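Enquirer: Take a look at this one; I'll ask things after.
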Amino acid sequence: MAIHVALSHKTLYRYDRLVALSPQVVRLRPAPHCRTPIVSYSLTVAPQTHFINWQQDPHGNYLARLVFPEKTRGLSITVDLVAEVAVFNPFDFFLEPSAETIPFRYEPGFGRSLRRSSTLKRAARPFGTMSPRRHSAPACAPAIFSST
């Protein structure tokens, strides 16, 4: 059984004089690849005289680019949406038989690649200890930061 949840978000700016608004990019729309189905979505923008261009970023997220040709005393952006929140079992997945008991062993091919990512190339120093170069500037620092 699914539950419908209504969400509303409002951003409001008020100015004491007429101002020219620069183009605004609004990122208040769920991504098309989100797991929660969106039943309805609306974006309301004031002032009414504006241009809107919907774009997508490299990750597939929606962007609304708003351009305001006239000066205004305020900006209001309201998003209303209804999402369908479905109940699902987070434990609905399969385990390999070799991973059903703890501790488990990886297959030989996995062990080598996991060992590579879990070993440190140099030992970490305990918190609070200084390196032997503690009075010299970092290699990338300009000369004005050196201690000489």
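Enquirer: With the condition kept exactly as written, say whether any residue in the stretch 21-31 is without any contact (Cβ under 8 Å) to a residue 12 or more places away in the chain and hydrophobic (A, V, I, L, M, F, W, C).
Expert: no
Enquirer: Between residues in the stretch 42-55 that are closer than 11 Å to PRO23 by Cβ and residues that are among the acidic types (Asp, Glu), which pairs lie under 9 Å by C-beta distance while being six or more apart or on different chains?
Expert: Within 9 Å, the pairs are HIS50/GLU70.
Residues are listed down the side, and each one gets a yes or a no for (1) surrounded by 13 or more Cβ atoms within 10 Å (Cβ to Cβ); (2) at pLDDT below 95; (3) among the basic types (Lys, Arg); (4) more than 21 Å from LEU81 (Cα to Cα):
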{"residue": "LEU12", "(1), (2), (3), (4)": "no, no, no, no"}
{"residue": "VAL19", "(1), (2), (3), (4)": "yes, no, no, yes"}
{"residue": "PRO23", "(1), (2), (3), (4)": "no, no, no, yes"}
{"residue": "ILE38", "(1), (2), (3), (4)": "yes, yes, no, no"}
{"residue": "VAL45", "(1), (2), (3), (4)": "yes, no, no, no"}
{"residue": "GLN56", "(1), (2), (3), (4)": "no, yes, no, no"}
{"residue": "ASN61", "(1), (2), (3), (4)": "yes, yes, no, no"}
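Enquirer: Continuing with the same structure: Name the pairs whose Cβ atoms lie under 6 Å apart, with the first residue in the stretch 72-86 and among the acidic types (Asp, Glu), the second part of a strand (DSSP E or B), and 6 or more positions between them or separate chains?
Expert: That search, which allows pairs on different chains as well, returns ASP80/SER8; ASP80/SER42; GLU84/ALA2; GLU84/HIS4; GLU84/VAL39.
Enquirer: Something else about it: Kindly indicate which of ARG134, ARG122, ARG112 is farther than 30 Å from ARG14 by Cβ, of a type outside the set (S, T, N, Q), modelled with pLDDT under 80 and in a helix (DSSP H, G or I).
Expert: ARG112
The values are calculated or read from the model by the stated rules, or taken from the named source; none is laboratory data. Since the structure is predicted, the reported quantities are computational estimates derived from the model, not experimental observations. So basically every Cβ, Gly included, is an ideal-geometry build from the backbone, and we count neighbours across all protein chains shown.
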